[in-house]
Amino acid sequence: MNDAIPINGEVLKWARESAGLTIDEVVQKMNRKRITYEVIESWELGYEIPLYSQLERLAYEVYKRPLAIFFFPEPPKEITAKQSFRTLPEYEIQRMPVKMHFLLRKAQSFQLNLFDLYDGVNPSEKKITRELKFPTNISAKEMGETVRQYININIETQNSFGNPENAFKEWREILEGFGLFIFKDAFQSDEFSGFCLYDDKFPVIYVNNSKPFTRQIFTLFHELAHLLFKTGGIDTNIEDYLDYLDGDEERIEIICNSFAGEFLVPSKHFDQKVRGIDINDERISSLANFYHVSREVILRKFYDSDRIDQEFYSRKVREWRMAKSGISKGSGGNYYYTKGAYLGSRYIEKAFSQFYQNRITTERLADYLGVKVKNISGMESQLYSMESST
């Protein structure tokens, strides 16, 4: 696909300036003959327009932005990491990896895509972030009970999910049915498990696909809590960062962690289930498998109920984390399966639906999916595969 693409030159200029690049630096990064200072300037002034292949390179390699942004009629008003992640200390935002800033911009792009795809109307009949509201001093137990009652999922159903991978898929589908939109990506940073962006119409949760499924599940509900407080947030394992917070920011971050554990492993059910049992690795693993959570979540429940002391808790956490660090991570995999997992069947299905109705072009469909035009048929096959597995 080498046709010229009609775009607003002001968006190109905004992307370059927001990336902190001069035109000369863009020319150097493009490293192509015929791409001169005058060519870039002409694109930005709207006298000429880049080819699709040139736009792809600008987006993905030079400006590090989702391609779809360049089709907006005007430069988007982006929120910063500081505005998005109120509970993350300033020093951590300053050292946040470039990939995280890219994913934040990508999440905002998805929100704009959703607005376009659904004509500005969230399709869910029930919208959890609109219908539930909590004060920051609420207890995790009360919040967990209220949300579980709203979602109407009992422990028996949760246990029937089978395994953590399937449990994540089930929870994702359930939450998306209540007005949330969930995306995944490889964050390329072990410090961050996920984040969310609040929006009255299209709230988004972004999950680190490199994490174990039990952690991904925990992240879903950590971020759900942030959204229920009408704020964006981030799930991180950075130690001691709570020491840099105070007021509502500190209370919200504490309750988000507590809520996730309480929702997934309700204290009332857990206390009955563990009454009179011995606490050992086998028992902890069995409970983790029952609720489809990590062993750390179960360990924390024992600690919070004074069944174990701080020394035991800390020792087991260190032991398990050391064991995890020795496991090598796989690489590669099926491109279309991974893309399907990142975007989710609901989003892919809606994009293709608009395409089948001739409401968007092939190029626009590729932009929504974040793939090249040549990969659309593969994504279509993946959609049919996802539908047949549900």
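General remarks:
- When the stretch 249-263 is filtered for residues that are among the aliphatic types (A, V, I, L, M) and touching a His at 6+ places or on another chain (Cβ under 8 Å), the ones remaining, listed by number, are 252, 260.
- Residue match in the stretch 90-103 (condition: more than 30 Å from residue 348 (Cβ to Cβ), outside any helix (DSSP H, G or I), modelled with pLDDT of 90 or more and not aliphatic (A, V, I, L, M)): no
- Residue 16 vs. criteria out of contact with any Pro (no Cβ under 7 Å at 6 or more places or on another chain) and surrounded by fewer than 19 Cβ atoms within 10 Å (Cβ to Cβ): no
- Scan the stretch 355-390 for residues that are closer than 21 Å to residue 59 by Cβ and not acidic (Asp, Glu) and the total you get is 18.
- Selection status of residue 221, buried (at least 21 other Cβ atoms within 10 Å of the Cβ), touching a Leu at 6+ places or on another chain (Cβ under 7 Å) and either assigned to a loop (DSSP other than H, G, I, E, B) or not polar (S, T, N, Q) (or both): yes
- Considering (1) modelled with pLDDT of 90 or more; (2) farther than 28 Å from residue 227 by Cβ, the lone condition that residue 255 does not fulfil carries the number (2).
- Taking the stretch 335-379 and the helices (runs of 4 or more DSSP H) fully enclosed by it, no element has 2 or more residues that are touching a His at 6+ places or on another chain (Cβ under 6 Å), free of Cβ contacts under 8 Å to residues at least 40 places away in the same chain and of a type in the set (Ser, Thr, Tyr).
- Test: residue 155 is hydrophobic (A, V, I, L, M, F, W, C), more than 25 Å from residue 201 (Cα to Cα) and either in contact with a strand residue (DSSP E or B) (Cβ under 9 Å, 6 or more places away or on another chain) or in contact (Cβ under 8 Å) with a residue 12 or more places away in the chain (or both): yes
- Among the residues of the stretch 108-120, the one identified as among the small types (Gly, Ala, Ser) and at pLDDT 90 or above is 120.
The values are calculated or read from the model by the stated rules, or taken from the named source; none is laboratory data. Computed from a predicted structure; not experimentally measured. In this analysis, Cβ positions are derived from the backbone assuming ideal geometry, glycine residues included, and neighbour counts consider all displayed protein chains.
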